[in-house]
1. Can you tell me the 0 to 90 degree angle between the C-alpha axis of helix A:184-193 and the longest principal axis of chain A, rounded to 10?
2. May I ask for the distance between the Cα centers of the stretch B:1-75 and the stretch A:143-178, given as a whole number of Å?
3. How much FRET efficiency would the formula 1/(1 + (r/R0)^6) give for residue A:395 and residue A:301, where r is the Cβ-Cβ distance and R0 is 22 Å, rounded to 0.05?
4. Could you order peptides A:119-130, A:149-160, B:54-65 by the average number of other Cβ atoms within 10 Å of their residues, highest first?
5. Quick one: length gained pulling residue A:15 to residue A:402 fully straight, 0.36 nm per residue minus the C-alpha distance?
6. Computed FRET efficiency, Cβ-Cβ of residue A:330 and residue B:1, R0 30 Å: what is it to the nearest 0.05?
7. Which order, highest average first, do A:224-232, A:170-178 follow once you tally other Cβ atoms within 10 Å for each residue and take the mean per peptide?
8. Go through the stretch A:168-183 residue by residue and turn each phi into a ³J(HN,Hα) via Karplus (6.51, -1.76, 1.60, θ = phi - 60°); whole Hz please, and just put x for glycine and proline.
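What follows is calculated from the coordinates using simple rules that are stated; it is not laboratory data. Nothing here was measured: the structure is a model prediction, and the numbers come from that model. Here the Cβ is made from the backbone with ideal geometry for all residues, glycine too, and neighbour counts use every protein chain on show.
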Amino acid sequence: MIKSNIDTIRANFPILHQEVNGKPLVYFDNAATTQKPKQVIEALNQYYLKDNANIHRAAHTLASRATDYFENTRRTIQAFINANEPEECIFTKGVTESINLVAQTWGRANLNAGDEVIVTTMEHHSNIVPWQMICDEKGAKLRVVPINQNGELIMEAYEEMLSANTKLVACVWVSNALGTINPVEKIINLAHQVGAKVLLDGAQACSHLNVDVQKLDCDFLAISSHKLYGPTGVGVLYGKREVLETMPPYHGGGEMIKEVTFEKTTYNDIPYKFEAGTPNIGDVIAFRYALDYLTVLGKENVADYELQLLNYFVNGVNEINKQTNDAIKLIGAAKSKVAVQSFVIKNMHPFDVGMMLDAKGIAVRTGHHCTQPLMQFFELEGTIRVSFALYNTFSEIDTLLQALTSIAKYANR
Amino acid sequence: MTTTEIQNNIIENFTLFDGDMEQTLFYLMDLGKKLPPMPEDHKTDTYLVNGCQSKVWVYPSYTDGKVWLEVDSNTDITKGLIYLLREIWNGKTPSEILDTELFFLDKIGMNRMIGSQRSNGLLSMIKQIKMYALAYQVKQN
């Protein structure tokens, strides 16, 4: 379905149609951020041209229009992740803020000396550092689930780690560096058996996989709009109502209060309790169009197409390896993966490979991908990472494979 | 040769590639291989200029009023660029180094390599060499 409509889809992404270093742009850095369809860009434009007003609490028409559109996005994201009610979806700046919010409110209220928070070896720094900070403050312990050489969690070790001391499991759903899809249903189920809450970092998962928070039964899910074809600076924290209601507020300020006196302040209900100050209204409104875009295309169709791209790439690399005495080493070979692939080239630093590919108009990411502990596990300084999205094509992968062939040959003359 | 003359020679060599970035990078990497090897015991943290992705080591010395440089990097393109910097500055006086305006990076299309200090040690390295030159100059006077 995507393959037969790829020209129409690509026409929706104006940024793709340009040259970089004299070559047509090939954008394979989608795990860092996806490009935006013109529907999103137009919605953003429309908001500032016609609808800009501060939301909630105003009698005038523009404010009421902006409020309606803003709250429409909340209902759209509710449907997108199948939350029980829109109030369980809190707007944040992105996954990082969503996780920090939980660490600083739920964590501060619930973690004590001797308690344990479990993360995994493949976490992004944004799902490590907030927990280190609150664990240090509270005297709680951070424990780390190990992985195997394929880049998969060692579930037996996780099961052994769980105990009555476990208060929270904070786990990445899909690894940004390896593409591994973690068995989150099992992870959640096991955590709940010992009474622990579970937070999922959904940064990478939500653009590739179907999300049903009720079926998953996760307590929190952190989402970023910009990895989902939406604007930067917007994210969502999903939380179960009964959990969110017991949490103290995060930031103090306007919007999050019921009544303020100098003696005492009472707080608003969820989600507003966690949305102090004027939010990123325009970007939240435009985010809805990204969600609609994905929903119309169908997540299964997108995932299916992206996996075809990934397989095509991996097969191409295997062919290059036949000609170059295995110059390219793929990192991350989990059985269950999204269209993200890390690799290294023998005798060449990832940074140099990234520069060489850029010379060909190909955008990839190089470095540690904000997963230094994971790189330490693989004993690497960094990798080259390609990540595919719904607008990428097989012929773009051919361009990449050609460039990699000449780089691999140069490096291993 | 003056630092300006050396830079002009470098630029002329790169005009062969007519702006072809891939060929430019291959050439840079080849140049990097020509750097005299830096003794491992000089590659210590004291002489490390750290970037997010590429590391650069600069080990200076000062004899007969001139600055001598041992340089190395863990990435090949940066190595090519520091080879060129060494060509320009090795054996020059502190004041020649301090007075140099580096225009060759822009002319060979590599200005973006110094655009982001975070991702690359090159800009920090340029500053570091100028700091060493300044220190030698002060010591001399």
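1. Helix A:184-193 and the main axis of chain A meet at about 40 degrees.
2. 44
3. 0.65
4. The peptides rank, most packed first, as A:119-130, B:54-65, A:149-160.
5. Working it through step by step, the gained length comes to 137.0 nm.
6. 0.05
7. Per-residue Cβ counts within 10 Å, averaged per peptide and sorted highest first, yield A:170-178, A:224-232.
8. Result, ordered by residue: 8, 10, 10, 9, 7, 6, 10, 5, 6, 8, 10, x, 4, 8, 7, x Hz.
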